[in-house]
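Remarks on the structure that follows.
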Amino acid sequence: VMAEVMMKSHLRKLTLCTAYIVVSSILIRFNKYMMAEENFPFSMQLSALHMSMSMGLCCLLYLAKPSLFPAMESTRGRRAEVLQWFVPIGAAFAAMLYLSNQAYLYSN
């Protein structure tokens with residue numbers, strides 16, 4: 001019985017990793033398509049749309065099902081402190097998105 005539980009856990013992790021890789025590949029191909037000169041060669045706007053959608057969908061998911069975010073409960077009363085760590089991470093992510101989209105524009 002324990003082996004079956006372990007197998008299901010590993011299978012779930014493998015499925016999530018595979019889904020992440022597939023979605024990432026689709027996003028890369030879509031961004032490359034969007035960055036073609038005749039489509040939408042505006043990397044800053046594309047990055048802003050990407051981050052806005054990610055934030056909006058995460059907020060909606062948190063409102064709909066907070067149990068999917070178990071770590072949020074441990075930050076109650078300390079969210080400003082946690083934010084000081086997330087702002088630099090978000091800025092680095094924004095720079096990475098912008099620069100990768102610029103690379104797509106250059107490579108097209």
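At-a-glance table
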{"quantity": "Residue pairs meeting the criteria (Cβ under 6 Å; at least 6 apart or on separate chains; first of a type in the set (S, T, N, Q), in the stretch 32-43; second open to solvent by less than 40 Å² (accessible area, probe 1.4 Å) and part of a helix (DSSP H, G or I))", "calculated": "SER43/ASN101"}
{"quantity": "When residues of the stretch 54-97 are limited to those that are among the charged types (D, E, K, R) and not in a loop (DSSP other than H, G, I, E, B), the one most open to solvent (accessible area, probe 1.4 Å)", "calculated": "GLU73"}
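The values are calculated or read from the model by the stated rules, or taken from the named source; none is laboratory data. Every value quoted in this text rests on a predicted model; they were computed, and no experiment measured them. Cβ sites come from the backbone with ideal geometry, for glycine too, and all protein chains shown count toward neighbours. With ligands, DNA and RNA removed, areas are computed over all heavy atoms of the protein, side chains included. Shrake-Rupley method; radii C 1.70, N 1.55, O 1.52, S 1.80 Å.
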